[in-house]
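S.K.: Below is the structure I would like to discuss, written out as structure tokens.
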Amino acid sequence: MSVKKEASGRRSIQIEFEVPGTPEEVWQAIATGPGISAWFVPAEFEEEGGKPVAVKLDFGPAMESRSVVTAWDPPRMFAREGAGWVPGSPPIATEFSVEARSGGVCVVRVVQSLFSSTDDWDGQLTGAEEGWPGIARILRLYLTHFRGQRSAIMQIMTPVAGTGADAWATLTAALGLNGVRAGQRWAVPAGAPELGGVVEYVSDAPFGALLRLDKPGPGTAALGTIEFGDAVMATLSFYMYGDQAAENVARETPRWRAWIQERFPMPTELSTSE
């Protein structure tokens, strides 16, 4: 993977992936608050005169971002620009375009770019490029099985001691995912909150799994580990669908928070002050 560099100072990455649906259906998923919230993070569009002018994305406590909408051409393309993810970074622009293909599918193209005279900020773009395949799998699963349904999100992220490999081994063992392959049915062992369904994707490079759920209700679960500098985080993102989605999330959230805190006690260096 590489960053495209232009003489003007523009640096960019481009990702393309195929998803099921008409351009209008895909647009609803990628360019509306309820749509984005069904497969990514809670999102809300701000409007003036009936036209979107900004979008807010909630990545967690104290991690909300706001981007200004710079182009809007439904159901073909929209673009937004907001602050970079690292203090002092140039603004990052993101453009989404939708192109219909035969067979009832569309190609979604994502271009992210910034302007800089140095390589100092390129890591933000390469990091985003590495994350998009996993995000695309969740979007594809949503559009295939749950398109247009009501949704609710449960996201849990906790710091863990040791390496990402250590955290992933602990997580998969506790959830009964060791040795499970894509296409297999699966359910958690005793001791964990109710969870079961079909394994859609699992990988050890990078660490992650995507599950299509039927218990505790229809939905998907994306599991993994991520690293922020020297810190390692275990992440669980549940997207519940259907009329009972919000009820399922409200009931299951405290159960999963208690479970993950038991499996991953707060590392000593993070639980005590200096």
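The values are calculated or read from the model by the stated rules, or taken from the named source; none is laboratory data. Source: prediction; values computed, not measured. Note that we place each Cβ from the backbone using ideal geometry, even for glycine, and neighbour counts take in every protein chain shown. Surface areas here come from the heavy atoms of the whole protein model, side chains and all, with no ligands, DNA or RNA. Shrake-Rupley method; radii C 1.70, N 1.55, O 1.52, S 1.80 Å.
S.K.: Need a quick list: strands (runs of 3 or more DSSP E) entirely within the stretch 198-260 having at least 2 residues that are out of contact with any Lys or Arg (no Cβ under 9 Å at 6 or more places or on another chain) and closer than 16 Å to R140 by Cα.
M.R.: Details: elements: 207-215, 219-228, 231-241.
Strands (runs of 3 or more DSSP E) meeting the threshold: 207-215, 231-241.
S.K.: Only residues that are hydroxyl-bearing (S, T, Y) and under 20 Å from A128 (Cα atoms): list them for the stretch 22-43, please. Spell out the reasoning first.
M.R.: Here is the first cut: in the stretch 22-43, the ones hydroxyl-bearing (S, T, Y) are 22, 32, 37.
Once the filter is applied, which keeps residues that are hydroxyl-bearing (S, T, Y) and under 20 Å from A128 (Cα atoms), the stretch 22-43 yields only S37.
Residue by residue, here is whether (1) in contact with a strand residue (DSSP E or B) (Cβ under 6 Å, 6 or more places away or on another chain); (2) at pLDDT 90 or above holds:
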{"site": "V98", "(1), (2)": "yes, yes"}
{"site": "G127", "(1), (2)": "no, no"}
{"site": "V160", "(1), (2)": "yes, no"}
{"site": "G164", "(1), (2)": "yes, no"}
{"site": "A169", "(1), (2)": "no, yes"}
{"site": "P189", "(1), (2)": "no, yes"}
{"site": "A192", "(1), (2)": "no, yes"}
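S.K.: Across the stretch 8-38, which residue is surrounded by the most Cβ atoms within 10 Å (Cβ to Cβ) among those that are charged (D, E, K, R) and over 29 Å from G104 (Cβ atoms)? Step through it out loud before you land on a result.
M.R.: Filtering the stretch 8-38 down to residues charged (D, E, K, R) leaves 10-11, 16, 18, 24-25.
Next cut, over 29 Å from G104 (Cβ atoms) only: 10-11.
Working: R10: 13, R11: 22.
Among those that are charged (D, E, K, R) and over 29 Å from G104 (Cβ atoms), it is R11.
S.K.: Are any residues in the stretch 46-83 charged (D, E, K, R), outside any loop (DSSP other than H, G, I, E, B) and closer than 16 Å to R109 by Cα, and if so, which ones?
M.R.: Just the residues of the stretch 46-83 that are charged (D, E, K, R), to begin with: 46-48, 51, 56, 58, 64, 66, 73, 76, 80-81.
Among the residues that remain, those that are also outside any loop (DSSP other than H, G, I, E, B) are: 46-48, 51, 56, 58, 64, 66, 73, 80-81.
If the condition is that a residue be charged (D, E, K, R), outside any loop (DSSP other than H, G, I, E, B) and closer than 16 Å to R109 by Cα, then D73, R80 are the ones that fit.
S.K.: Something else about it: When you scan the stretch 170-186, how many residues do you find that are within 26 Å of P254 (Cβ to Cβ) and either exposed (fewer than 14 other Cβ atoms within 10 Å of the Cβ) or without any contact (Cβ under 8 Å) to a residue 24 or more places away in the chain (or both)? Give the steps one after another, and end with the answer.
M.R.: As a first pass, look at the stretch 170-186 and keep what is within 26 Å of P254 (Cβ to Cβ): 170-177, 186.
This time we only want the ones that are either exposed (fewer than 14 other Cβ atoms within 10 Å of the Cβ) or without any contact (Cβ under 8 Å) to a residue 24 or more places away in the chain (or both), so: 173, 176.
Selection size over the stretch 170-186: 2.
Here is a yes/no grid of residues against (1) open to solvent by less than 20 Å² (accessible area, probe 1.4 Å); (2) modelled with pLDDT of 90 or more; (3) of a type in the set (A, V, I, L, M); (4) touching a His at 6+ places or on another chain (Cβ under 7 Å):
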position: D230; (1), (2), (3), (4): no, no, no, no
position: G242; (1), (2), (3), (4): yes, yes, no, no
position: E247; (1), (2), (3), (4): no, yes, no, no
position: R255; (1), (2), (3), (4): no, yes, no, no
position: I260; (1), (2), (3), (4): yes, yes, yes, no
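S.K.: Now for a separate question. Starting from residues that are closer than 24 Å to R137 by Cα and among the basic types (K, R), keep the ones in the stretch 39-81 and report whichever is least open to solvent (accessible area, probe 1.4 Å).
M.R.: So the residue we want is R80.
Residue-wise test of (1) over 22 Å from N178 (Cα atoms); (2) assigned to a helix (DSSP H, G or I).
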position: S117; (1), (2): yes, no
position: D120; (1), (2): yes, no
position: L125; (1), (2): yes, yes
position: E129; (1), (2): yes, yes
position: I138; (1), (2): no, yes
position: T144; (1), (2): yes, yes
position: A152; (1), (2): yes, no
position: M157; (1), (2): no, no
position: G162; (1), (2): no, no
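S.K.: Can you tell me which residues in the stretch 129-169 are among the charged types (D, E, K, R) and surrounded by 15 or more Cβ atoms within 10 Å (Cβ to Cβ)? Break it down into steps so the answer makes sense when it comes.
M.R.: Filtering the stretch 129-169 for residues among the charged types (D, E, K, R) gives 129-130, 137, 140, 147, 150, 166.
Answer for the stretch 129-169, where residues must be among the charged types (D, E, K, R) and surrounded by 15 or more Cβ atoms within 10 Å (Cβ to Cβ): E129, R137, R140, R147.
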